[in-house]
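Report on one structure; see the data block that follows.
The values are calculated or read from the model by the stated rules, or taken from the named source; none is laboratory data. Just so it is clear, the structure is predicted and the values come from calculations on it, not from any experiment. Glycine gets a Cβ as well: all are built from the backbone with ideal geometry, and neighbour counts include every protein chain shown. Heavy atoms of the whole protein, side chains included, go into the accessibility calculation; ligands, DNA and RNA do not. Shrake-Rupley method; radii C 1.70, N 1.55, O 1.52, S 1.80 Å.
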Amino acid sequence: MSTLKIAIQKSGRLYEESLQLLKDCGIFVNNGKDQLKVSVDNFPMEIMYLRNSDIPQYLEDGVVDIAIVGENLLVEKQKNIEIIQSLGFSKCRVSLAIPKEIETDDITYFQGKKIATSYPNTLKNFLLKNNISADIHVISGSVEIAPNIGLADGICDIVSSGSTLFKNGLRETVTILKSEAVLAKTFQLNSDKQKILEKFLFRIQSVLRAKNSKYILMNVPNEKISEVSNVLPVLKSPTVIPLAEEGWSSIHSVIDEERFWEVIDELKEKGAQDILIIPIDKMVI
């Protein structure tokens, strides 16, 4: 039987969240960091723990079949692989930043300037698109210190909260790329492994739907059922259960996390009362 080989980052910000996603999908891993390769007992999968920067090349070469990796890295490495699912965690951005005492946010500030970065390809393409000519200094780490030691006039680096920039006297000016963890695959996948991937992807999508949704219960006067139901568009139709108190029913449905408070306000306006919200573990549609 074929085994799907998945690469995940062996350390760093993606490691824990990648393992948690596998666990949520019913794939349990007994050990991790001490081994470079681990088999899974309850799913035809083999996990490989790799350096983050090496994963795109392993994918392109077909050494691994799929990988959980930051989209920003795939954009930078420019390998011939396919992104098949955004995963919604490890969100960040690749941005330009300058010393905080410089007041302008205009990109023309970088014309003729020196920019330090670990993302030369991403930066080069962005500057070319915006007709900016700048001197790119490629460094592998601690990019944010470059302006303070006179190496560069600004930087291009990955940003999450912005606290590291603040600590080094920098401020973010232009976002080049928004990124999050994604599931990517090689183009060398055979038909047997593609079937396994489809099963795995089905599990992932069920988990992601659940994380982006809430189960909702409420009591509604019978004459308001139609109006309230129209506010609940996630599933085919809400469940309506008569209450012991005559003239009232309980409505059960699902709402999107992104529209949560907006929907709650609408439901209250339509006559819903005693609203309960419950997390969803999995959501299979």
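Pick out, in residue order, every one of the trypsin sites (Lys or Arg not before Pro) in the range 1-86 that is DSSP loop and has at most 12 other C-beta atoms within 10 Å; say none if there are none.
Numbers: sites: LYS5, LYS10, ARG13, LYS23, LYS33, LYS37, ARG51, LYS77, LYS79; in loops: LYS10, LYS33, ARG51, LYS79.
Sites meeting the loop and neighbour criteria: LYS33, ARG51.
Each of SER95, TYR119, GLN78 was placed along the dipole of the range 78-141 (beta-carbon charges, centred on the mean Cα), and the one lying farthest toward the positive end is GLN78.
Give me the net charge of MET45's neighbourhood, meaning all other residues with Cβ under 12 Å from the Cβ of MET45; Lys, Arg count +1, Asp, Glu -1. Combined, the nearby Lys, Arg, Asp and Glu give +2. For the chain, the solvent-accessible area works out to 53 Å² per residue, with a probe of 1.4 Å and every protein chain left in place. With the charge dipole of the chain set up from +1 on Lys and Arg Cβ and -1 on Asp and Glu Cβ about the Cα centre, the Cα lying farthest toward the positive end among the listed residues ILE280, SER250, THR3 is that of THR3.
Using alpha-carbon pairs under 8 Å, 6+ residues apart, how would you state the relative contact order of the chain in percent? Could the numbers behind the result be given before it?
Details: 537 pairs, mean separation 54.0, N = 285.
In percent, rounded to a whole number, it is 19.
Within the set (i) 72, 61, 45; (ii) 104, 70, 46; (iii) 77, 57, 32, the number that Cα extents along the principal axes in Å takes when calculated for this structure is listed as (iii).
Other residues whose C-beta falls under 15 angstrom from the C-beta of PRO221 contribute a net charge of -3, scoring Lys and Arg +1 and Asp and Glu -1. The accessible area of PHE200, taken with all protein chains in place and a 1.4 Å probe, comes to roughly 0 Å². Taking a ≥ b ≥ c as the square roots of the eigenvalues of the Cα gyration tensor of the range 92-179, is the shape rounded (a/c under 1.5), prolate (a/b larger than b/c) or oblate? Verdict is rounded for the range 92-179.
For n ≥ 4 DSSP H runs only, could you compute -39500 (n - 2.57) per run for the chain, divide by its residues and tell me the 222 nm figure to the nearest 500?
Details: 8 runs with 78 residues, N = 285.
Per the formula, -8000 deg cm²/dmol.
Counting only protein heavy atoms, what percent of the accessible surface of the chain is carbon or sulfur at a 1.4 Å probe? The computed percentage sits at 47. I'd like the distance between the alpha-carbon centres of the range 31-97 and the range 108-127, rounded to an integer number of Å. Rounded to whole Å, the Cα centres lie 26 Å apart. Cross-linked pairs LYS10/LYS193; LYS79/LYS193; LYS91/LYS129; LYS214/LYS270; LYS5/LYS77; LYS91/LYS185: no Cα-Cα separation exceeds 27 Å.
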